[in-house]
Amino acid sequence: MEMRVRLFVLAVLFSLISSPMVLPAQGHTASSFTVLVQENGFSQTSPEIIQNDSIVWHNIDNDSNVTHRLVYDYDGDGLYNGTFDWDSGELQAYCERDENNTKVDSNCSSSFMVIFDMNWTVGNYSYQDIRSDNTTVNATIRLLADTGEHVEPNSPAIGSQFGVNNDEDVENNEATEDSGLTPETMLLYVGIFTGISSVALLGLLIFRRAEREDFEHGQNEAE
């Protein structure tokens, strides 16, 4: 019976030691990137992103007095209304607002976003900026596979702009990079601390039990 108890305690100790050290697998964190629509084209014509990332285009073309329409025709039918087609509509450089900061024209838009979730296959996606002055600008997005690996240190930060440093007052809807302790990391630390404390407590109990048995055994021999 005593041997079974000791084996059980050893099994509990082993599980407590090993379980907190099993780190959860962390995949790619979805990021949002900004591409500026300018008078002379895009701020980056060939951005590279990973599945589950998104791109937000902002029209900052205040000088040419033209609108920009971003379109992608996945099925090639020229309609831009398919499942994987996109059509931004006419993007204005500025949307007039009233004293309550509400758009005067609810249909006015100066930005457009596309989320490249896991339904989008890896590859190159060529799209167009159809301008109201009857000119067209071509660009390509390179979509990479989400391999579940961490983002490399030199990769673009969340909310980074491709290729330019622009001082215009552009509305930024992108998320910022997480800094400091995340809830997952804090829970991991708590689990490790709890496991170590439990191991120490069980070790102390075993040590005291052994001392008590030795003491009782010594008393029996003395009698």
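At a glance:
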| item | result |
| --- | --- |
| So Thr67, is it within 14 Å of Glu39 (Cα to Cα), surrounded by 13 or more Cβ atoms within 10 Å (Cβ to Cβ) and touching a strand residue (DSSP E or B) at 6+ places or on another chain (Cβ under 7 Å) | yes |
| Qualifying residue in segment 82-92 (condition: charged (D, E, K, R), within 16 Å of Ile141 (Cα to Cα) and in a strand (DSSP E or B)) | yes |
| Selected residue [more than 12 Å from Val37 (Cβ to Cβ), touching a strand residue (DSSP E or B) at 6+ places or on another chain (Cβ under 9 Å) and at pLDDT below 95] from Asn101, Asn107, Asn119 | Asn107 |
| Residue match in segment 91-112 (condition: among the aromatic types (Phe, Trp, Tyr) and surrounded by 15 or more Cβ atoms within 10 Å (Cβ to Cβ)) | yes |
| Cβ pairs under 7 Å, 6+ apart, first in segment 82-96 and at positive phi and modelled with pLDDT of 90 or more, second surrounded by 13 or more Cβ atoms within 10 Å (Cβ to Cβ) and polar (S, T, N, Q) | Gly89/Ser109 |
| Candidate set from segment 58-81 (those that are of a type in the set (S, T, N, Q) and assigned to a loop (DSSP other than H, G, I, E, B)); member that is modelled with the lowest pLDDT | Ser64 |
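The values are calculated or read from the model by the stated rules, or taken from the named source; none is laboratory data. This is a predicted model, so every value here is computed, not measured. In this analysis, Cβ positions are derived from the backbone assuming ideal geometry, glycine residues included, and neighbour counts consider all displayed protein chains.
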